[in-house]
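Trainee: One structure is given below, represented as structure tokens, and several questions about it will come after.
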Ligand code: HEM
Ligand SMILES: [Cu+2]
């Protein structure tokens, strides 16, 4: 291959390294055994460990949700008591937010993909990466202890003064989430440094993928917001342990201060929960439209803009909590501003699809669902951001529907899209495309049936977090409950065919989608050190007008510093054995 | 930007996923700086609580601050600033390959940190003797303000968390000494010393804010 100029100081001898079709040794076949997995510092294995854990929590949280919905089939008590109901919705929220959604894309998919997209062998601090996983596990253990030693009935927001006085084991739970926060922080630190320092030769800031930009923006939010959650929960824990009184009006403290603290984290945290999803959308839309992404910089910078503005809007959760009306107006205005960068993204994605050759494979199908559902979630967010409307809608099912449209309709769809997109890369196996599409449609229908009625009954005044309700709402609640069962079936289908794919799936080629992005230019699954060469980047990850050969360059003669793996040279020999 | 020099022989200390020693050093340093940002936000929450309550109960802060011992607070400030100097000297020793200097400077830093903790211990026990406990356990009637407990809750939270950071720092430096005695650090590789030093400076700086805000306002 030709020699190319890769930076202003260096000329590198490069040649093409075609990804191997039948890799003999992959990260899954090396360093096997329980102990090797538990002590691994390989980002891919850690990513899979996270993946297994978050899927477990998704299952637990989902089961709890079905219990809640079943209770709500009738206006009166059906089969669980009010106290149990409170505990279940608290657990459902806390588990879904802190143990599933926050780590879902960054820690699970991101961990796997980020170094692959940078062409490096690992994240900057592999041991810290493993540490962050174990911190997550410890946080989870605390939470489990809390569940079995009294439970928590405060809601995932742990509002004071209720959370400081109610029974149950709130302390264990807040400590669990406190610990969990450090896992999130460490992942953020790791990602930022890795993106800054470990890019491949030639990979300048305008040649990294938009998924990396979104992880970068997310990491910034994680490191700036999570410590505030940590101190908040620590203060709350102390409030319960020692009654330090900071949030307790009886001792001279202020419960609204708690809400400020909490939402200063938790509003940015909703962007921790959605911005990585934006990154996945960009990847998938470009790949399945076979087209250069429209407005690369607009999408990249709007992620940073969202991260920034996201820090200035937390007050919109407290419009009815006794904020001054000036503060209300400012927060309301700033809330509207968030819609701008979000809108920019949507327009650019749609413009990318325009005149592309669109291939409606499963990942793309999920992204279509994302666009549709997330827009509804975003627009209803803007409505909640307007003061007069929010006074009416605050703490009703309308809010519940809003955040489920963004969190589940947005992020979970993006997560599922990403999971299906990278699945062949992770395991080297294809899944059944037919059933995957069926499941996507089932989930889409189930989702809307579950949450659309909630907008309606919310605007009619159905308050959230109640286990009984007026009879007039029964029709909506029943529709919602049946919808949730359909959703459940959709997820069971996914579980079935993914399991089948793991055990009997067809072998995946290195690049089943014909993508230009870097992670597809190595074998599926990748080898232990990701690439057998040092990749060199001369094009952006969406340059579909350039030939594939230009995306598979590596430094001539190098073995990525690992002499013992020389598959490129010995390939034919080994294939004969 | 990552520099590629695949044919250059790496030193033993360079982990496999880094291209060279510089890249590893720069990464570690950057990671620590970002971590320090998170620390600042962590304490930031407490500073915010301090500000809120001070603007509500300004007279309480003036009265309660009288009960903090400015003299010992000042001594502790000097002690910590001194330890920042010695930790910087430890880094310098590592850069110059002076094994002995490195170990001695780290040892002095640890000693100063311990002095800090001992003084803090006496300050705390003195308050406990008076009945100045945090929160609901507050049982002192020497301050004529019914929200006096709040000031001391904040005081204990801030200095307590800072104290925990000092203890962690002591632990880190003991670990550094153990490694230094095995000869792990030299002019080509002293990253752990450098980033522990950064951490220690932050612990110092936080105290430099805590001292005037808590002790010197009367
Ligand atoms: C266009 C962007 C968005 C706007 C303008 C917006 C606006 C709002 C407003 C004003 C509320 C408060 C409603 C109330 O309690 O009365 C709210 C609640 C909420 N939003 Fe959003 N939102 C947006 C996007 C998102 C995203 C992307 C997520 C998560 C991925 C999200 C998650 C939530 C959650 C969880 C709540 C309820 C929290 C609770 O009280 O339990 N929002 N949103
Ligand atoms: Cu918000």
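Throughout, read-outs are computed from the coordinates displayed, never taken from laboratory work. The structure displayed is predicted, hence computed values, not measured ones. So basically every Cβ, Gly included, is an ideal-geometry build from the backbone, and we count neighbours across all protein chains shown.
Trainee: Compute the acute angle (0 to 90°) between the alpha-carbon long axis of helix A:275-289 and the principal axis of greatest extent of the alpha-carbon atoms of chain A; round to the nearest 10°.
Mentor: 50
Trainee: When you look at the Cβ of every residue in B:32-38, what mean number of other chain Cβ atoms sits within 10 Å? Provide the component values of the computation, followed by the final result.
Mentor: Numbers: counts 2, 2, 11, 8, 0, 5, 14.
Mean inter-chain Cβ contacts per residue within 10 Å come to 6.
Trainee: When only C-alpha pairs under 8 Å and at least 6 residues apart count, what is the relative contact order of chain B, in percent?
Mentor: Working: 204 pairs, mean separation 67.5, N = 218.
This gives 31 percent for chain B.
Trainee: What number results when the radius of gyration of segment B:24-215, computed over Cα atoms, is divided by 2.2 N^0.38 Å?
Mentor: On the way: Rg = 18.9 Å, N = 192, 2.2 N^0.38 = 16.2 Å.
For segment B:24-215, the normalised Cα radius of gyration comes out at 1.16.
Trainee: Shifting gears a bit: Ranked highest first by the average count of other Cβ atoms within 10 Å around their residues, in what order do B:177-185, A:140-148, A:305-313 fall?
Mentor: Values: B:177-185: 14.6, A:140-148: 18.2, A:305-313: 20.4.
Most protected by this proxy first, the peptides run A:305-313, A:140-148, B:177-185.
Trainee: Still on this structure, please answer the following. Label segment A:43-170 by shape, choosing from rounded, prolate and oblate, from the square roots a ≥ b ≥ c of the eigenvalues of the Cα gyration tensor; if a/c is under 1.5 it is rounded, and otherwise prolate applies when a/b is larger than b/c, oblate when it is not. Spell out each step's value before the answer.
Mentor: Working: a/c = 3.26, a/b = 2.10, b/c = 1.56.
Cα axes put segment A:43-170 in the prolate bin.
Trainee: Let me ask something else about it. What is the fewest-to-most order of A:120, B:114 by other Cβ atoms lying within 10 Å of their Cβ? Provide the component values of the computation, followed by the final result.
Mentor: On the way: A:120 28, B:114 15.
Ranked by crowding around the Cβ, least crowded first: B:114, A:120.
Trainee: Counting pairs of alpha carbon atoms under 8 Å apart in space and at least six apart in sequence, what relative contact order in percent does chain A give?
Mentor: Details: 970 pairs, mean separation 113.6, N = 577.
Relative contact order of chain A: 20 percent.
Trainee: Follow-up question, since we're still on this one. How would you classify segment B:11-96 from its alpha-carbon gyration tensor, with a ≥ b ≥ c the square roots of the eigenvalues: rounded for a/c under 1.5, else prolate if a/b is greater than b/c, otherwise oblate? If you can, show how the numbers build up before the last one.
Mentor: On the way: a/c = 6.76, a/b = 1.98, b/c = 3.42.
The shape class here is oblate.
Trainee: Still on this structure, please answer the following. Rounded if a/c is under 1.5, else prolate if a/b is larger than b/c, else oblate: which is segment A:338-385, with a ≥ b ≥ c the root eigenvalues of its Cα gyration tensor? Before the final figure, lay out the partial values.
Mentor: Values: a/c = 4.07, a/b = 1.76, b/c = 2.31.
Oblate.
Trainee: Averaged across the residues of B:48-54, what count of C-beta atoms belonging to other chains lies within 10 Å of each residue's C-beta?
Mentor: Values: counts 6, 10, 0, 0, 5, 6, 0.
Mean partner shielding for this stretch: 4.
Trainee: Take every residue in peptide B:152-161, count the Cβ atoms of other chains within 10 Å of its Cβ, and give the average of those counts. Spell out each step's value before the answer.
Mentor: Details: counts 2, 12, 4, 0, 3, 7, 0, 0, 1, 2.
That works out to 3 on average.
Trainee: Rank these for me by crowding, A:485, B:189, going from fewest to most other beta carbons within 10 Å.
Mentor: A:485, B:189
Trainee: Dividing the Cα radius of gyration by the Kirkwood radius, what Rg/Rh value follows for the protein assembly as shown?
Mentor: Values: Rg = 27.9 Å, Rh = 28.3 Å.
When Rh is taken as the Kirkwood radius, the ratio is 0.98.
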